[in-house]
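Below is one structure, written out as structure tokens, with a few remarks after it.
The values are calculated or read from the model by the stated rules, or taken from the named source; none is laboratory data. The structure displayed is predicted, hence computed values, not measured ones. Cβ: placed from backbone, ideal geometry, glycine included. Neighbour counts: every protein chain shown.
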Amino acid sequence: MQSESAKVNAGRTPRRARALAKAPLGAWELTFGGHSTRAVVTTAQVRHSLAAFLLAGCLPARPIGTVPPPSPALKLGVDSHLHLSMSAAAKPIFLGEPGRGALASSPDQLLLNQVDAPSLEAAGVRLILGALWPPFAIRPARSTTQEALHQLEELALFAKRHPRFGIARDAARARQLLARGRIAVLPAIEGGEGIGSLEDLDLYYAAGARALTLVHFTGNRLGGAAHGQLGRVFGGSTEARTPEGLTPLGREVVRRMIKLGVVIDLAHASDRASLDALSIAEAEGVPVINSHTGARALTPMERNISDELAARIAHGGGVVGVTLFRSFVAGVPEGARIPGHQPDTCDDVVAHWLHLARVAGAESLVLGSDLNGFVLRPREGGSCPRGVRSSEDLPELFAALEANGFPRSALDAMGERLLLVLEAVEARADPSVQAAASSRKPTRVDLFDVPI
Ligand SMILES: [Zn+2]
């Protein structure tokens, strides 16, 4: 059932979408190993290429009757990578925001909001790492650092507008919010592109960031990204292999994150950079996470986690978030498929959960959906007849996991496990470093909202 406001929003969106389709999204300058590429991308181009992906390969759905009924709400489910307020990052092409109930259900609606509070509550997903995405300086007169700070402000404002969500900057506040029946959101920055010094990291902390993905699509000043990511997104491969591990600044940043109590997220990092960060964290007894990934053993690419790394993260008390991104979980080999497996559906996702549970333990896994992250989710069919279009379809995914032997108890306990991670990270923090960072104030003069 859609709410009245959802109907209004759904009815208004196509017209707005058409008007926006011709608007230039912006000129993006991407630098790979010293080479710069400048591309002007329009909304229509983004929509058309994504729609073509969506329409490719339509296999018949699994017969009705073999699909388990949707799972009742989890006791305390987690999403370790969910973009809540994406409209702050990509206003021209992203329509709607959580709370309006406009859920993507067709290629045309791909860039509409895929998350809302009622459906998260129905799924029992109430502890979230709210991912913010400031990888490129896409707005004039605003650096990537300022973009990140702006998005942190936007996330806080978003929670004020939508009181079913609450911002949690520590585990105690998260527990408090959860006890009051609200959805707890820990602010998380995806990509350390805006960090050129420890002071920048302190500013992120002061603005509320409590998790940081060190790198994103390409290597940055902190370290190397998993190879081949841009090829998957844009075609071709232009990425440099340097830096491969963590840079000296990257090592300093990781040590500072530990002192600040900021969760280290190894998603997107190269193996070398992941191992470098993990070694520092392990020496300090601090758990790390990989917020959204597939299993490399099933879908080989460096972006997906190796069995060894997943086991090591779990051993250190961390968690691994399993993504919904279709191309990160595609091509599941015969031996790892579930009964009646239909490729490109949520059956692929289930197979990745089952594999990672075998190597890292079911209790170390959480959902790392990347909803609203411009990724193609499982298409309709298999165990999820409607596909995983939005947070509305998560109960089908959880039911499929359970039906294929993933323990319900581990699903129910995801939240408690992540809270323990947060508490372990906080326990290693240095209050004097936290206090010094908290007192830092960004230069406000350029934190204005530049129209694009
Ligand atoms: Zn990501």
Where a residue in region 155-181 is in contact (Cβ under 8 Å) with a residue 60 or more places away in the chain and its partner, wherever it lies, is of a type in the set (A, V, I, L, M, F, W, C) and in a loop (DSSP other than H, G, I, E, B), with Cβ under 9 Å and at least six apart: Leu155/Leu84; Phe158/Leu84; His162/Leu84; Phe165/Leu84; Ala174/Ala168; Arg175/Ala168; Leu178/Leu76; Leu178/Ala168
Hits in region 308-331 - residues which are over 30 Å from Glu282 (Cβ atoms) and either buried (at least 18 other Cβ atoms within 10 Å of the Cβ) or at pLDDT below 95 (or both): Arg326, Ser327
Residues satisfying the stated conditions in region 251-270, i.e. in contact (Cβ under 8 Å) with a residue 60 or more places away in the chain and more than 16 Å from the ligand (Cβ to nearest atom): Val253, Arg256, Ile258, Lys259, Leu260, Gly261, Val262
Answer from Leu401, Leu367 - the residue that is at pLDDT 95 or above and more than 16 Å from the ligand (Cβ to nearest atom): Leu401
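Would you check if there is a residue in region 263-270 being in a loop (DSSP other than H, G, I, E, B) and at pLDDT below 95?
Taking region 263-270 and keeping what is in a loop (DSSP other than H, G, I, E, B), we get 266-268, 270.
Now narrow it down to the ones that are at pLDDT below 95: none.
No: zero hits.
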Single unsatisfied condition, Ser237 versus (1) within 16 Å of the ligand (Cβ to nearest atom); (2) modelled with pLDDT under 95; (3) not acidic (Asp, Glu): (1)
Members of region 195-221 found to be within 19 Å of Gly261 (Cα to Cα) and within 16 Å of the ligand (Cβ to nearest atom), listed by number: Ala209, Ala211, Leu212, Thr213, Leu214, Val215
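Can you give me the ranges of the helices (runs of 4 or more DSSP H) entirely in region 141-222 with at least 1 residues that are crowded, with 20+ Cβ neighbours inside 10 Å and modelled with pLDDT under 95?
Values: elements: 144-161, 171-179, 198-206.
Correct list: 144-161.
In region 310-354, how many are in contact (Cβ under 8 Å) with a residue 12 or more places away in the chain and closer than 21 Å to Asp265 by Cβ?
Of region 310-354, the ones in contact (Cβ under 8 Å) with a residue 12 or more places away in the chain are 310-314, 316-333, 336-354.
Imposing the further condition that a residue be closer than 21 Å to Asp265 by Cβ reduces the set to 310-314, 316-325, 327-329, 349, 352-353.
Here the count works out to 21.
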Neighbours by Cβ (under 7 Å, 6+ apart or cross-chain): first from region 107-128, at positive phi; second modelled with pLDDT of 95 or more and in a strand (DSSP E or B): Gly124/Gly77
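Any idea how many residues of region 320-354 are of a type outside the set (A, V, I, L, M, F, W, C) and touching a Lys or Arg at 6+ places or on another chain (Cβ under 9 Å)? Working first, answer last.
First, pick out the residues of region 320-354 that are of a type outside the set (A, V, I, L, M, F, W, C): 321, 323, 326-327, 331, 333-335, 337, 339-345, 347-348, 352.
In the following step, the residues that additionally are touching a Lys or Arg at 6+ places or on another chain (Cβ under 9 Å) were identified as 326-327, 340, 342-345, 347-348.
Residues meeting the conditions: 9.
Results for (1) within 16 Å of the ligand (Cβ to nearest atom); (2) at pLDDT 95 or above; (3) over 18 Å from the mean Cα position of the chain (by Cα); (4) closer than 20 Å to Trp133 by Cβ, shown as yes or no for each residue.
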site	(1), (2), (3), (4)
Ala281	no, yes, yes, no
Gly285	no, yes, yes, no
Asn290	yes, yes, no, yes
Ser306	no, yes, yes, no
Pro333	no, yes, yes, no
Thr345	no, yes, yes, no
Trp353	no, yes, no, no
Glu380	no, no, yes, no
Ser383	no, yes, yes, no
So Arg417, is it under 20 Å from the mean Cα position of the chain (by Cα) and either more than 16 Å from the ligand (Cβ to nearest atom) or at pLDDT 95 or above (or both): yes
